[in-house]
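Take a look at the structure below.
The values are calculated or read from the model by the stated rules, or taken from the named source; none is laboratory data. Worth saying up front: this structure is predicted, and the values here are computed from it rather than measured. Quick reminder, even Gly has a Cβ in these numbers, built from the backbone with ideal geometry, and neighbours come from all protein chains shown.
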Amino acid sequence: MKILLFADPGIDDSIAIIYALLHSEIEVMGIGTGDGNVSVFGATKNSAYLLERTCRKIGYSGNHRGKY
């Protein structure tokens, strides 16, 4: 199953992203980030870190509403 994730990866969304990245039946096509539990800058940085740690090369993008 191909999916596009939208998350604000603090702890809870980080676990969901890791689960999706490592699940054999899920193909993560990209990750969109926004502010929520963490700032959009932190969410995008955390997403990039998770992709690096799981050796995935997919797109990710941050979206902000004027605050960091």
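Tabulated values for the structure
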quantity: Some residue of the range 6-26 being of a type in the set (Gly, Ala, Ser), in contact with a helix residue (DSSP H, G or I) (Cβ under 7 Å, 6 or more places away or on another chain) and either surrounded by fewer than 18 Cβ atoms within 10 Å (Cβ to Cβ) or in a helix (DSSP H, G or I) (or both); calculated: yes
quantity: Residue satisfying condition, being modelled with pLDDT under 90 and either on the phi > 0 side of the Ramachandran plot or under 11 Å from the mean Cα position of the chain (by Cα) (or both), within set 49, 60; calculated: 60
